[in-house]
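Below: the structure, in structure tokens.
Read-outs: derived from the displayed coordinates by stated rules, not from any lab. Every value quoted in this text rests on a predicted model; they were computed, and no experiment measured them. Cβ atoms come from the backbone with ideal geometry, glycine included; neighbour counts cover every protein chain shown.
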Ligand SMILES: N[C@@H](CCC(=O)N[C@@H](CS)C(=O)NCC(=O)O)C(=O)O
């Protein structure tokens, strides 16, 4: 299928993800709401991820969305792209742009951090397949230590996290007892950001009983789950790299609305998150707008690719 977005031609969407990833679930759920058709590459849960690296050139978080030779990093940017490709029932109502942007960011950062502590509490780990196998558990812990090296952004004690989690669950339950979705009669992006955190916690059998005091959240989670995941066809990572190799970059080089005296289109830069996952992507700055940074790089296997990052939550540095 081919789409036209703002004069750009966008071919099939390829979602690089894995089943247990909450941020992937946010994207899969939005693709379900939009009744989208797409392809999925099941990527490894821990490094190495050679096919993903051929596309991103360093960024290692999950998920990543590929459209030909254009690679979109971070679920916030991915969801905005999906909404542009499938504009019916937009999840970004313009009259709430700033409030929703702020609320979704808080949910994807602070609430997600709290949800990680709640979902990894001892009573869950006792029944978890990965954590029951000492060598798999050690490999996972070592990989996540590497992911969070130099950062404290993803760590919070369970004793601190739990009251914050319960406070927000109570507020959600109150709001959802008089409204079908956080967005009202229809979901908006905050429903998808909140859903993946709740999914990550309550998909664990050991935590399912903890949902009982929140009947309105339970009913809303069923409504969100009922959107499904759209029509997804599996693809290998190798085939996805070959798609990039056979495609042209669709993003034209330009400096857009963002005036940033530090950055010149065409200069060598590196881009990485500001919270955790300090594995930079280096290349030539192709586009710098108020919402997006795009870096062009050439990979031995994938050829020339454009790697897209949201402005919010990322840092850009000129390199020589
Ligand atoms: N801000 C990122 C966060 C992504 C994130 O932290 N994803 C987790 C999995 S859900 C991750 O990358 N874990 C390490 C990995 O998959 O290698 C986004 O919205 O996409």
### Query
Gaussian network model of the chain, Cα springs within a sub-10 Å range: biggest mean-square fluctuation belongs to which of 108, 83, 143?
143
### Task
Treating the Cα atoms of the chain as identical point scatterers in vacuum, please give the log10 of the normalised Debye intensity I(q)/I(0) at q = 0.07 Å⁻¹, two decimals.
-0.28
### Message
Can you tell me what share of the DSSP beta bridges in the chain is antiparallel? A percent to the nearest 5 is fine.
### Response
70 percent
### Message
Run the helix sum for the chain: -39,500 (n - 2.57) per DSSP H stretch of 4+ residues, divided by residue count, reported at 222 nm to the nearest 500 deg cm²/dmol.
### Response
-11500 deg cm²/dmol
### Message
Starting from the 7 Å offset along Cα-to-Cβ, what nm value, one decimal, do you get for the label separation of residue 19 and residue 110?
### Response
3.5 nm
### Query
How big is the gap, in Å, between the Cα center of the range 139-167 and the Cα center of the range 10-40?
25 Å
### Task
Along Cα→Cβ, 7 Å out, is where each label goes; now give me the distance between the ones at residue 236 and residue 123 in nm to one decimal.
4.5 nm
### Query
Cα axis of helix 189-202 to longest principal axis of the chain: angle in degrees, 0 to 90, nearest 10?
60 degrees
### Query
Taking the Cα atoms only, what angle lies between the long axis of helix 22-33 and the longest principal axis of the chain, rounded to 10 degrees?
80 degrees
#### Entry: Additional length obtainable on full extension of the chain from residue 94 to residue 144, 0.36 nm per residue less Cα span
14.3 nm
### Task
For the range 107-225, just run the numbers: alpha carbon Rg, then divide by 2.2 N^0.38 Å, N being how many residues it has.
1.14
### Summary
Per the rule of 0.36 nm per residue minus the C-alpha distance, extending residue 253 to residue 177 adds in nm 22.6 nm
### Query
When all C-alpha to C-alpha distances in the range 196-300 are sorted into bins of 10 Å, what percent of pairs does each bin hold, rounded to whole numbers?
11, 24, 22, 24, 17, 2
### Query
So what's the angle, to the nearest 10 degrees on a 0 to 90 scale, between helix 158-176 and the longest Cα principal axis of the chain?
90 degrees
### Message
Per 0.36 nm of contour for each residue apart, how much would the distance between residue 298 and residue 185 grow if the chain were fully extended, relative to their Cα-Cα spacing?
### Response
36.1 nm
### Task
Any chance you could check the Cα centroid distance between the range 171-188 and the range 68-99 for me, in angstrom?
21 Å
### Message
Could you tell me the relative contact order of the range 57-101? Use alpha-carbon pairs under 8 Å, at least six residues apart, and round to a whole percent.
### Response
21 percent
